[in-house]
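Asker: Starting off with a structure, shown below.
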Amino acid sequence: MSDNKVETEVVKGTAKNEEKSGKKKVLKSAKRDDKNLIKSIIESIEKLTVLELVELVKSLEEKFGVSASAPVSFATVPQTKEAKEEKGVKEEKTDFTVVLTGYGDKKIQVIKAIREITRLGLKEAKELVDKVPGNVKEGIVKEEAENIKKKIEEAGGTVELK
């Protein structure tokens, strides 16, 4: 082989080796560039206002035909009161209000019962009984509400639980 041919082949071989190693370098730098690109995108997003973010999300949804909203499982969606009533499911109340609806002919005994239950003074208890219907206690558990109802009914009053 002549010197020119050898030299050409060596140059071609070197070029091929450089091309291969160059691709590896390009790939490695591309990976680094991807990371840098992602970081720069995140930094850009951090600088946006909320309104600009909303606009960005809408644009991305339109561009790629996707939705950014989280999927909702129907089994975990809380049902409205009306939906439960339609299905026949009754929601158990946890907070009750005891309402005095009447005092009958034993007004003094009902006032005494109200004073005992609420720890009100005589004047305040009398005003509550005089202004029937009126709330005796609010936001109490069922057992306590039933005990209060029982005490007032024993004294001669009428009570409603709400």
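The values are calculated or read from the model by the stated rules, or taken from the named source; none is laboratory data. Everything numeric here is computed off the predicted structure, so don't read it as measured data. For neighbour counting, all protein chains shown are included, and Cβ atoms are generated from backbone atoms with ideal geometry for every residue, glycine included.
Asker: Here are the criteria: (1) touching a strand residue (DSSP E or B) at 6+ places or on another chain (Cβ under 8 Å); (2) in contact (Cβ under 8 Å) with a residue 24 or more places away in the chain; (3) within 24 Å of LYS93 (Cα to Cα). Tell me which single one GLU146 does not satisfy.
Answerer: Every listed condition holds for GLU146 apart from (2).
Asker: Here's another thing I want to ask about it. Would you check which residues across region 119-143 are more than 14 Å from ASP95 (Cα to Cα) and surrounded by fewer than 16 Cβ atoms within 10 Å (Cβ to Cβ) and list them?
Answerer: Quick first cut of region 119-143, residues more than 14 Å from ASP95 (Cα to Cα) only: 119-134.
Result: ARG119, GLY121, LEU122, LYS123, GLU124, GLU127, ASP130, LYS131, VAL132, PRO133, GLY134.
Asker: Starting from region 103-125, keep only residues that are under 10 Å from GLY156 (Cβ atoms) and in the same structural domain as GLU153 (by TED's automatic domain parsing), then list their pairs with residues that are surrounded by 12 or more Cβ atoms within 10 Å (Cβ to Cβ) and among the polar types (S, T, N, Q) whose Cβ atoms are within a distance under 8 Å, requiring at least 6 positions of separation or different chains.
Answerer: TYR103/THR158; GLY104/THR158
Asker: Hey, can you tell me all the residues within region 138-162 that are β-branched (Val, Ile, Thr) and not in a strand (DSSP E or B)?
Answerer: So the first thing to find is which residues in region 138-162 are β-branched (Val, Ile, Thr), and the list is 140-141, 148, 152, 158-159.
Listed by number, the residues that qualify are VAL141, ILE148, ILE152.
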